[in-house]
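Inspection log for the structure reproduced underneath, given as structure tokens.
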Amino acid sequence: MILSKRPDIDRFLKQPDAGVRACVIYGRDRGVVRERAEQLARKIVPDLDDPFGVALLTDGDIEADPAKLEGELAALSMMGGRRLVRLRLHSEKAGPDRAAAEALTAHCEGRLNPDAFYLVEAGALGRESALRKVAEKAGEARIIPCYEDEAGDVARMAREALRADNVGLTSEALEIFVARLPKERGVARQEIERLALYIGPGSGATLGPAELEDFLGVEPDASLFEAANDAFGARAGPARAGLVRAFAEGETGPAAVRAASQHLGKLRRVITLAKSGADLKEAAKSAGVFWKQEREFLRQARAWSLSELDVVQSDLLEADRTCKRAGSPDALIAERALLSVAARARRLGL
């Protein structure tokens, strides 16, 4: 069953129907997919890090062991109660898509653990996708397509997030800010958080266009953003040097990974616009690329593909999660993540 209207989606994510055993959330905007999947997952189980109640698989796991997915869906929770099986499809290969569809059919027919909830996060599933076809027809499943946010959606998200920190923008300033935001949900939310920090959480301040320009004029020339730019440009040495400099300035591993994610989000936006027929330079301006960095950024945009960025985004998400664990060597984790990006960029010919 398809959920396409926002009120239906919001209602389901807040309170999933009791008889639903599975949900497929898909779309090009991985930020929206990830955000909605996270919201739903927290309604299924209280602790997403519980190894006894949650299983996280990828298409790589399915390719390595085709029986693993159904095995996880058939398993019982060792501590009792609901069990969550999350599957993240990073590629568009037919094999994992077909295996995911077969598992969905078996689960909806009641052949696996009825107390398990099957949650799939995927990219842009085409009409020929077996998983999409099965999910659209199954009464025990819901499928949620995620489209790129409209300006009104982004404006609402910005207003709500800023209000939560007791800060705000005038209507004119909000319009300017939204026009400059990247379209990828995750990166846009990071920029909103950065603006809230700039204004001062809890200050009650509201910025107008003039004050906002001071914020927008601060370009990502800091060491972390330079390191991210170097990594995506296949310059491993400078990327590592930038990280060392940033860490000496008091920056952290999660901040380094976040900077890389923001750079990736801009690349994704530019490549997507170019595929839709837009001029690369105009696409770069739309994504908020600083003019001094335009030449290098466009060089990267011509080499990277959306499928390659999907893989890197998955790696960065995992690095971000690992960095935030208590006692983790976050600086080392971030360094490995950026050096991995640089190595992949080098293989792309950069």
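Taking every residue in the stretch 187-213 that is closer than 18 Å to P254 by Cβ and pairing it with any residue that is among the aromatic types (F, W, Y) and open to solvent by less than 50 Å² (accessible area, probe 1.4 Å), at least 6 positions away or on another chain, yields no pair with a Cβ-Cβ distance below 8 Å. Taking the numbered list (1) of a type outside the set (F, W, Y); (2) surrounded by fewer than 21 Cβ atoms within 10 Å (Cβ to Cβ); (3) farther than 27 Å from F290 by Cα in turn, E172 passes all entries but (3).
Which residues, counting only those in the stretch 147-166, are surrounded by 13 or more Cβ atoms within 10 Å (Cβ to Cβ) and in a loop (DSSP other than H, G, I, E, B)? Matches in the stretch 147-166: E148, D149, D165, N166.
Comparison of S77, S129 shows that the only residue that is without any contact (Cβ under 8 Å) to a residue 60 or more places away in the chain, among the hydroxyl-bearing types (S, T, Y) and in contact with a strand residue (DSSP E or B) (Cβ under 6 Å, 6 or more places away or on another chain) is S77. Within the stretch 182-189, the presence of a residue that is open to solvent by 10 Å² or more (accessible area, probe 1.4 Å), more than 19 Å from the chain's Cα centre (by Cα) and on the phi < 0 side of the Ramachandran plot is excluded. Taking first residues from the stretch 104-115 that are β-branched (V, I, T) and partners that are assigned to a loop (DSSP other than H, G, I, E, B) and surrounded by 13 or more Cβ atoms within 10 Å (Cβ to Cβ), the Cβ contacts under 8 Å between residues at least 6 apart in sequence or on separate chains come to T105/A138.
Listed by first and then second residue, the pairs with beta-carbon distance under 9 Å, at least 6 apart or on different chains, first residue in the stretch 55-71 and under 13 Å from Y118 (Cα atoms) and free of Cβ contacts under 8 Å to residues at least 24 places away in the same chain, second of a type in the set (D, E) and not in a helix (DSSP H, G or I), are G71/D65.
Those residues that are of a type outside the set (D, E, K, R) and surrounded by 19 or more Cβ atoms within 10 Å (Cβ to Cβ), I need them from the stretch 238-253; list them, please. The answer is A239, G242, L243, A246, F247, G253.
Taking residues in the stretch 267-285 that are free of Cβ contacts under 8 Å to residues at least 40 places away in the same chain and buried (at least 19 other Cβ atoms within 10 Å of the Cβ), and partners anywhere that are in a loop (DSSP other than H, G, I, E, B) and not small (G, A, S), the pairs with Cβ atoms closer than 9 Å and at least 6 places apart or on different chains are V270/V289; I271/W304; L273/K183; L273/D279; A283/V289. Evaluate the following for P114: is it farther than 23 Å from T322 by Cα and surrounded by 17 or more Cβ atoms within 10 Å (Cβ to Cβ)? Criteria not met by P114.
Could you look through the stretch 128-146, keep only residues that are surrounded by fewer than 20 Cβ atoms within 10 Å (Cβ to Cβ) and touching a helix residue (DSSP H, G or I) at 6+ places or on another chain (Cβ under 8 Å), and pick out the one that is farthest from L87 (Cα to Cα)? Even if it seems obvious, please write down each step before you answer.
Within the stretch 128-146, the first condition is being surrounded by fewer than 20 Cβ atoms within 10 Å (Cβ to Cβ), and the residues that meet it are 128, 130, 133, 136-137, 139-140, 145.
Now drop any that are not touching a helix residue (DSSP H, G or I) at 6+ places or on another chain (Cβ under 8 Å), which leaves 130, 133, 139-140.
Values: A130: 15, K133: 17, G139: 20, E140: 17 Å.
Step by step, filter the stretch 128-146, then rank; the result is G139.
When P238 is tested against (1) within 23 Å of K324 (Cβ to Cβ); (2) at pLDDT 90 or above, just one condition goes unmet, and that condition is (1). Among the residues of the stretch 65-103, those identified as closer than 22 Å to E128 by Cβ and assigned to a helix (DSSP H, G or I) are L69, A94, G95, P96, D97, R98, A99, A100, A101, E102, A103.
The values are calculated or read from the model by the stated rules, or taken from the named source; none is laboratory data. No experiment lies behind these values; they were computed from the predicted model shown. We place every Cβ from the backbone using ideal geometry, glycine too, and count neighbours over all the protein chains shown. What goes into the accessible areas is simple: the full protein's heavy atoms, side chains included, and nothing from ligands, DNA or RNA. Shrake-Rupley method; radii C 1.70, N 1.55, O 1.52, S 1.80 Å.
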